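Presented below is the structure to which this report refers.
Please treat every number below as a calculation from the coordinates, not as lab data. This one's a predicted model, so the numbers in the text were calculated from it and none came from an experiment. When we count neighbours, we look across all protein chains shown, and the Cβ atoms used for this are built from the backbone with ideal geometry, even at glycine.
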Amino acid sequence: MKPLPSGTVTLVFADMEGSTRLLEQLGERYQALLDTYRSILRRTFEGAGGREVDLQGDQTFVVFPRARDAVMAAVAAQRALADEPWADAVPVRGRMGLHTGEPVATPSGYVGMDVHTAARIGAVAWGRADPGLADHTRPGR
């Protein structure tokens, strides 16, 4: 396996807002929703140069060598999630926290305060954009 990027990197923690409620609401159908959610994030993050570090439940931990790529990927992922025609017409929103720092890359992942900071930012994120803000950031809107 290729070593993780080192030096200054941008860490992204993303999870599904309200996943417990969705699991309770959808039951067995939740797995298909989770698979689609993960696929959207993987495709978007990897397409922008991100590398998946860890996956637990509905949380994804990704690293980017460049901050700009991480920000653009997070915006693209939010748009892809919003544009997905979700089964059962349930709204699926992703909370995403980004933090740039210099965590220590180890064979099993990253360690250091920067990892904890990124995780905490992700934990307090909100999974939807302010409609007034979203309109001016999307081309043609």
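In whole percent, what relative contact order does the chain give with Cα contacts below 8 Å and a gap of six or more residues? Mind showing how you got there, number by number?
Details: 217 pairs, mean separation 47.9, N = 141.
This gives 34 percent for the chain.
Pair-distance distribution P(r) for the chain, from all Cα-Cα distances in 10 Å bins starting at 0: 12, 42, 33, 13, 1 percent. Show me, bin by bin at 5 Å from 0, the whole-percent P(r) of region 1-66 based on Cα pairs. So the P(r) values, bin by bin, are 4, 16, 25, 21, 15, 9, 6, 3, 1. Helix 30-47 and the longest principal axis of the Cα set of the chain meet at an angle near 50°.
Helix-only estimate, please: 222 nm mean residue ellipticity of the chain, summing -39500 (n - 2.57) across DSSP H runs of length 4 or more and dividing by its residues, to the nearest 500.
Numbers: 5 runs with 61 residues, N = 141.
Helix-only estimate at 222 nm: -13500 deg cm²/dmol.
When each of the peptides 70-77, 42-49, 95-102 is scored by how many other beta carbons lie within 10 Å of its residues on average, the order from highest to lowest is 70-77, 95-102, 42-49. Binning all Cα-Cα separations of region 42-97 at 5 Å, short to long from zero, yields these whole-percent fractions: 4, 19, 28, 25, 16, 6, 2, 0. The string of couplings for region 12-22 from the Karplus curve (6.51, -1.76, 1.60, θ = phi - 60°) is 10, 10, 10, 8, 8, 5, x, 5, 5, 4, 5 Hz, one whole number per residue in order, with x for Gly and Pro.
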